[in-house]
Amino acid sequence: MWAAANTEREAIDRIKEDAAERGSAPSISDVSVFRPRPEQLLEIPETSQRVRETATRDAVSRARTVATNALGTSVRIVEADTGSGVYRGAVIGETEDYVLQRQSIRTAVLHPKQLLDRQPKTGENVSINYSKAMGLVRQARSPAKSQELGR
């Protein structure tokens, strides 16, 4: 509903109309939980003018294409928790803005390149640990090597 609505009020009205057509009562009065994330704002130093960075959507779309090519059409993409996240897995690709890491058979994690201490290569098995919005990239042992060491 939110994607087709221009305002929160319009989204609520559409939800109510849809519920009435189905013969049920709407249970939503606030759609703020469905509101898309605000686009990042880019500061242009020479003019001090703030403009919407529509490139963010394009960058995520390009990342989705890379992830779909690597993991299939039912891939789920999640953004890295840059506050305290810890991620392990193979790097499945990259775009101009993101490094994509395989988290599971159908999940890829987006890592903003500018937050990483080094850029891992596609195919490299790495651990990425975030602390205070900085990602430390370290070589990770492959599962086979870990099992061998545990014997």
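The values are calculated or read from the model by the stated rules, or taken from the named source; none is laboratory data. Keep in mind the model is a prediction, meaning the values are calculated, not measured. Because the Cβ atoms are built from the backbone with ideal geometry, glycine has one as well, and the counts that use them run over all protein chains shown. These accessible areas exclude ligands, DNA and RNA; they are computed on the full protein's heavy atoms, side chains included. Shrake-Rupley method; radii C 1.70, N 1.55, O 1.52, S 1.80 Å.
Kindly provide the set of residues from the range 68-92 that are in contact (Cβ under 8 Å) with a residue 40 or more places away in the chain and part of a loop (DSSP other than H, G, I, E, B), ordered by number.
Across the range 68-92, the qualifying residues are Ala80, Asp81, Thr82, Gly83, Ser84, Gly85.
Condition check: under 28 Å from Val99 (Cα atoms) and at pLDDT 85 or above. Does Arg62 satisfy that?
In short, yes.
Looking at (1) over 13 Å from Val137 (Cα atoms); (2) surrounded by 13 or more Cβ atoms within 10 Å (Cβ to Cβ), which one does Val78 not meet, given that it meets all the others?
Only one criterion is unmet by Val78, namely (2).
What pairs come up if the first residue lies in the range 94-116 and is under 20 Å from Gly83 (Cβ atoms), the second is aromatic (Phe, Trp, Tyr), and their beta carbons are under 7 Å apart, counting only those six or more places apart or on different chains?
Close Cβ pairs satisfying both conditions: Gln101/Tyr87; Gln103/Tyr87; Val109/Tyr87; Leu110/Tyr98; His111/Tyr98; Pro112/Tyr98; Lys113/Tyr98.
Filter the range 85-105 down to the residues that are in contact with a strand residue (DSSP E or B) (Cβ under 6 Å, 6 or more places away or on another chain) and either basic (Lys, Arg) or open to solvent by 50 Å² or more (accessible area, probe 1.4 Å) (or both), then identify the one that is nearest to Ala59 (Cα to Cα).
Taking the range 85-105 and keeping what is in contact with a strand residue (DSSP E or B) (Cβ under 6 Å, 6 or more places away or on another chain), we get 85-93, 98-103.
Filter once more, so that each one left must be either basic (Lys, Arg) or open to solvent by 50 Å² or more (accessible area, probe 1.4 Å) (or both): 86, 88, 102-103.
Numbers: Val86: 23, Arg88: 23, Arg102: 18, Gln103: 20 Å.
This residue is Arg102.
Looking only at residues in the range 123-150 that are exposed (fewer than 14 other Cβ atoms within 10 Å of the Cβ) and assigned to a loop (DSSP other than H, G, I, E, B), which one is modelled with the lowest pLDDT?
Among those that are exposed (fewer than 14 other Cβ atoms within 10 Å of the Cβ) and assigned to a loop (DSSP other than H, G, I, E, B), it is Ser142.
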